Amino acid sequence: MEQQNQKKIRTLGITGSMGSGKSAARQILAQYIPTIDCDGINRELLQKDHEGWYALKQANLFYGDPNGEIDKQAMADAMFEDAQIRQKMEAILQPLIIQKMDEWMKQQNALCAVEVPLLFECDLQDHFDQVWTVVCEDQTALQRLEQGRKINPTEAKRRLALQYSPQKKAQQSHVVLHNDQDLPALQKQIENHLYQLQNDIKK
């Protein structure tokens, strides 16, 4: 991707497919710069009596438990099993998430990063000065999803098929982080890119 004027870079979008380790990348970045993640924003929106909670209830897309809280597992299952339900929920929740994300970035006065799982799928590239994508081998991702999130390989492959391929994401990114090794290896890559970026910003 064509390099931008580094002096203008203030916002980083961190993305990657399921199991790639994008959350680990954000957590490493959080040691150096302010970060936020869209899944966290979504969780807040879905809390009882918050904007997302109300919006889903009004749209008759509410998967609730006996306490009136959203049953997130039932909601996730419905989204992955029914494309129409997924599209309706995304149409409701994504604008709210993007609004909160943009508001947070405007409040930052220095380099910051946002973890956005579906950055390319939702065409959010223009919200960021640079996009960093975390990639790994398919087998690595499947193992992580099975061990860390208890998603069996068949289901994991089905969910991954709903997202852009890692190759497609990498081609559209400014920085590609390879995450098939351990966390120290990922941290070294991030530190190197961050060091270079911060040096360029100071020039």
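Output the number of residues of the range 69-81 satisfying the condition of being open to solvent by 50 Å² or more (accessible area, probe 1.4 Å) and either at pLDDT 90 or above or not charged (D, E, K, R) (or both).
The total comes to 4.
Any chance you could count how many residues in the range 94-123 are open to solvent by less than 10 Å² (accessible area, probe 1.4 Å) and either under 11 Å from Cys38 (Cβ atoms) or modelled with pLDDT under 95 (or both)?
So the count comes out to 5.
Out of (1) of a type in the set (Asp, Glu); (2) farther than 29 Å from Ser165 by Cβ; (3) at pLDDT 90 or above, the odd one out for Glu90 is which?
Condition (2) is where Glu90 drops out.
Please find, among Val114, Val175, the residue that is touching a strand residue (DSSP E or B) at 6+ places or on another chain (Cβ under 6 Å) and without any contact (Cβ under 8 Å) to a residue 60 or more places away in the chain.
Numbers: Val114 fails: without any contact (Cβ under 8 Å) to a residue 60 or more places away in the chain.
Of the residues listed, the single one that is touching a strand residue (DSSP E or B) at 6+ places or on another chain (Cβ under 6 Å) and without any contact (Cβ under 8 Å) to a residue 60 or more places away in the chain is Val175.
Residues that are touching a residue at least 40 places away in the same chain (Cβ under 8 Å), among the aliphatic types (A, V, I, L, M), farther than 20 Å from Gln125 by Cβ and touching a strand residue (DSSP E or B) at 6+ places or on another chain (Cβ under 9 Å): does the range 156-168 have at least one?
No, the conditions are met nowhere in the range 156-168.
If I go through the range 54-94 residue by residue, how many of them are farther than 27 Å from Glu155 by Cα and either in a helix (DSSP H, G or I) or of a type in the set (Ser, Thr, Tyr) (or both)?
Within the range 54-94, residues that are farther than 27 Å from Glu155 by Cα and either in a helix (DSSP H, G or I) or of a type in the set (Ser, Thr, Tyr) (or both) number 4.
The values are calculated or read from the model by the stated rules, or taken from the named source; none is laboratory data. Keep in mind that this is a model prediction, so the values were computed, not measured. Neighbour counts are summed over all protein chains in view; Cβ atoms, including those assigned to glycine, are modelled from backbone coordinates with ideal geometry. Quick note on the areas: whole protein, heavy atoms, side chains included, nothing else; ligands and nucleic acids left out. Shrake-Rupley method; radii C 1.70, N 1.55, O 1.52, S 1.80 Å.
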